[in-house]
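Following: one structure in structure tokens, then a few remarks.
The values are calculated or read from the model by the stated rules, or taken from the named source; none is laboratory data. Treat the numbers as computed from the prediction; the structure is a model and nothing was measured. Cβ coordinates were reconstructed from backbone atoms using ideal geometry, including for glycine residues, and neighbour counts include every protein chain displayed. Heavy atoms of the whole protein, side chains included, go into the accessibility calculation; ligands, DNA and RNA do not. Shrake-Rupley method; radii C 1.70, N 1.55, O 1.52, S 1.80 Å.
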Amino acid sequence: MFCRLLHQLPWNQSVSVMEIGCGSALCGLTCALNGATVLSSDSVEDAVIIAQRSANANQINGTIQFQKRNWEKLEMFEEKMYDVLLGSDVLFYRGAAPHVAKVIAKSIKLEGCALIADPVRLNVDDFCSRLNDLGYSTEIRTFTNAADVIDEVSKYKAKERHANGAL
């Protein structure tokens, strides 16, 4: 669902995106396919390798890079470099909240934003509180019926494809 929502956004090469805890990098690949310049990162070497293979198999070259980075090591992240920071299910353990918040605070540009998708873990409030303490505002959006959201996004994209002459 998160990727379908990301697919709607107006990406272009001037938009710099960093995906943390990328896993298979589905979110980063979605943004790269739509024109963004992306760095997808994960602390697990196998995840980085699999994500790179997926990019190669889908012929997504030049707009996405992959690196092994650990959000518990803040020195691995650049200062105020990214327009958008993505994370999908990165709050999977209670200790992740402070580290992810610090990476966001360090890495996003002044006018940037972070988009974090979460399956309602118990530490979301702690995560938002930590970002607020770092001077950032947070907004939680809950989707009560994911099927309706996906259907709405699919209809929007179908209209867009039809308008552009694609079937």
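Some points to look at:
- The chain - share of DSSP beta bridges that are antiparallel (%, nearest 5): 0 percent
- Surface accessible to a 1.4 Å probe, per residue, for the residues of the chain, Å²: 58 Å²
- Extent along principal axes [Cα atoms of the range 1-66; Å; largest to smallest]: 31, 23, 19
- Neighbourhood net charge (13 Å Cβ-Cβ; Lys/Arg +1, Asp/Glu -1) for residue 121: -3
- Only one residue of 58, 8, 134 has its Cα farthest out toward the positive end of the dipole of the chain, where Lys and Arg carry +1 and Asp and Glu -1 on Cβ, and that residue is 58.
- Amide H to amide H, with H built 1.01 Å from N, residue 109 comes under 5 Å of 81, 82, 83, counting only residues 5 or more places away or on other chains.
- The mean sequence separation of alpha-carbon pairs under 8 Å and at least six residues apart, normalised by the residue count of the range 83-147, gives a relative contact order of 38 percent.
- Per-residue ellipticity at 222 nm from helix content only, as computed over the chain with -39500 (n - 2.57) for each DSSP H run of at least four residues, stands at -12500 deg cm²/dmol.
- Sorted from longest to shortest, the spans of the Cα atoms of the chain along the three principal axes equal 48, 35, 29 Å.
- Subtracting the Cα-Cα distance of residue 129 and residue 14 from 0.36 nm times their residue separation leaves 38.3 nm of extension gain.
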